[in-house]
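The values are calculated or read from the model by the stated rules, or taken from the named source; none is laboratory data. Predicted model, so just to flag it, every value in this text is computed and none were measured. With ideal geometry, Cβ positions are generated from the backbone for all residues, glycine too; neighbour counts draw on all protein chains shown. Ligands, DNA and RNA are excluded from the accessible area calculation, which covers all protein heavy atoms including side chains. Shrake-Rupley method; radii C 1.70, N 1.55, O 1.52, S 1.80 Å.
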Amino acid sequence: MDEKKKVMLSGIKPSGDLTLGSYLGAIKNWAERAEQFDCYYFMADLHALTTRQNPADLRRRTLEQLAQYVACGLDPEKNTLFIQSHVPAHAELGWVLSCYTMFGELSRMTQFKDKSQKNADNINGGLFAYPSLMAADILLYQPDYVPVGDDQKQHVELTRDVAQRFNNLYGETFRVPEPYIPKVGARVMDLLNPESKMSKSDDVGNGRVCLMDSPEDIMRKFKRAVTDSDTDEHCVRFDPQNKPGVANLMQIYAACTGRSFEEIEAEFTGQGYGAFKLAVGESVVEMLRPIREEAQRLMKDKAYLEDLCRTGADRAGRIAYKTLRKVYKKVGLVAAVR
Ligand code: TRP
């Protein structure tokens, strides 16, 4: 028998369409880990409710995200892929953990502060308690690692605090997970505003490339990408401090083609940004084409998607309920008779 594999878990909120940034920064790396780790990936649809969603869009995006996970190479046989709301233990443990997360802790979360500013007319209880639900998502599966971007690190730290607090009160119940910040994995920036991350939720779309964008849309967005006013023959060079737009495009091109920055600089010596941006756009079109086509095909196969949902939720549910039963018992809830 192999030694037991380490467990890894992550989720993405289907509040916006997945982007080139979601793929290069996260999902592509996830797909490469299936042999080494026991992996759980889910669509955090309950989390999406913390900001107003159009119901039809949310439904479409959640299923599309599942189809895209598979199209990006996450093998559903080797990874447990599921929709958060299909495993009610998330909401159930979320409630319990909200009773072990302090008002002060939740008030200090930078994401809560940001989102309260952006949604001043809808600072709801769910937005505030978001990290307790996220702690439940994580702790249910007893993972060793939680791969997240920088913006979610604070939530994973809080999850560790809550797990430790609970363990101290009731004895070893939760494994205390580590955030996992991958060594490789590009941080893709917005094409029009290369100082900020390419976000899936910003509604104006020209600086962000979505996995389902048509080749024409992708090319249009790259042609408009912000560079700078350099015109010398070495204007394509890697200098993230002074040339953030160009550095971002180089990073994207490197990820799509496997070329190094030196090779890219050599390739475009003596050429202007016009030719460079076309080349980057084309490399992205070719990388995303099979993903988009496969996701579109899967979206039409309702029976397959349903089967995927059912299998994923069953597999996840078995693990999640084991943890939830333990927690209910420890805190003193009477066991339900079934
Ligand atoms: N909060 C994450 C986001 O904004 C999504 C998420 C929800 C998540 N639960 C999680 C990520 C658990 C990792 C682990 O995208």
> Could you say whether any residue in segment 13-30 is in contact with a Phe, Trp or Tyr (Cβ under 7 Å, 6 or more places away or on another chain) and among the aliphatic types (A, V, I, L, M)?
Replying inline: yes
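Can you tell me which residues in segment 125-148 are near the ligand (Cβ under 8 Å from one of its atoms) and either at pLDDT below 95 or in a helix (DSSP H, G or I) (or both)?
The initial filter retains those residues of segment 125-148 that are near the ligand (Cβ under 8 Å from one of its atoms), namely 130, 133-134, 137-138, 146-148.
Answer for segment 125-148, where residues must be near the ligand (Cβ under 8 Å from one of its atoms) and either at pLDDT below 95 or in a helix (DSSP H, G or I) (or both): 130, 133, 134, 137, 138, 147, 148.
Based on this model, can you work out whether residue 93 counts as within 30 Å of residue 307 (Cα to Cα), part of a helix (DSSP H, G or I) and more than 19 Å from the chain's Cα centre (by Cα)? Outline the logic, then answer.
Numbers: within 30 Å of residue 307 (Cα to Cα): yes; part of a helix (DSSP H, G or I): yes; more than 19 Å from the chain's Cα centre (by Cα): yes.
Spelling it out, residue 93 is indeed within 30 Å of residue 307 (Cα to Cα), part of a helix (DSSP H, G or I) and more than 19 Å from the chain's Cα centre (by Cα).
Using the structure shown, decide if residue 293 is closer than 15 Å to residue 65 by Cα and open to solvent by 20 Å² or more (accessible area, probe 1.4 Å).
Values: closer than 15 Å to residue 65 by Cα: yes; open to solvent by 20 Å² or more (accessible area, probe 1.4 Å): yes.
Against the criterion (closer than 15 Å to residue 65 by Cα and open to solvent by 20 Å² or more (accessible area, probe 1.4 Å)), residue 293 qualifies.
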>> Looking at 16, 21, can you tell me which residue is modelled with pLDDT under 95, open to solvent by 10 Å² or more (accessible area, probe 1.4 Å) and on the phi < 0 side of the Ramachandran plot?
In response: 21
> Yes or no: residue 87 under 16 Å from residue 9 (Cα atoms), surrounded by 14 or more Cβ atoms within 10 Å (Cβ to Cβ) and at pLDDT 95 or above?
Replying inline: yes
> Of the residues 188, 246, 226, which is touching a residue at least 12 places away in the same chain (Cβ under 8 Å) and either exposed (fewer than 14 other Cβ atoms within 10 Å of the Cβ) or over 30 Å from residue 51 (Cβ atoms) (or both)?
Replying inline: 246
>> Criterion first (aliphatic (A, V, I, L, M), farther than 24 Å from residue 213 by Cα, more than 14 Å from the ligand (Cβ to nearest atom) and open to solvent by 10 Å² or more (accessible area, probe 1.4 Å)) does residue 109 satisfy it?
In response: no
>> Being over 24 Å from residue 13 (Cα atoms) and modelled with pLDDT under 95: is that true of residue 215 here?
In response: no
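Among the residues in segment 142-151, are any under 22 Å from residue 30 (Cα atoms) and surrounded by fewer than 16 Cβ atoms within 10 Å (Cβ to Cβ)?
Residues of segment 142-151 that are under 22 Å from residue 30 (Cα atoms), as a first pass: 142-151.
From what is left, the residues that are surrounded by fewer than 16 Cβ atoms within 10 Å (Cβ to Cβ) are 150-151.
Checked against the condition, which is being under 22 Å from residue 30 (Cα atoms) and surrounded by fewer than 16 Cβ atoms within 10 Å (Cβ to Cβ), segment 142-151 yields at least one hit.
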> Counting just the residues of segment 249-289 that are in contact (Cβ under 8 Å) with a residue 40 or more places away in the chain and open to solvent by 60 Å² or more (accessible area, probe 1.4 Å), which one comes out farthest from residue 195 (Cα to Cα)?
Replying inline: 289
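Scan segment 48-55 and give yes if some residue there is assigned to a helix (DSSP H, G or I) and more than 13 Å from the chain's Cα centre (by Cα), otherwise no.
Yes: one or more hits.
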> Filter segment 149-179 for residues that are more than 10 Å from the ligand (Cβ to nearest atom) and not in a helix (DSSP H, G or I); which is farthest from residue 222 (Cα to Cα)?
Replying inline: 171
> List, please: which pairs have Cβ atoms under 9 Å, are six or more places apart or on different chains, and start with a residue in segment 31-56 that is within 15 Å of the ligand (Cβ to nearest atom) and end with one that is among the acidic types (Asp, Glu) and part of a loop (DSSP other than H, G, I, E, B)?
Replying inline: 37/144
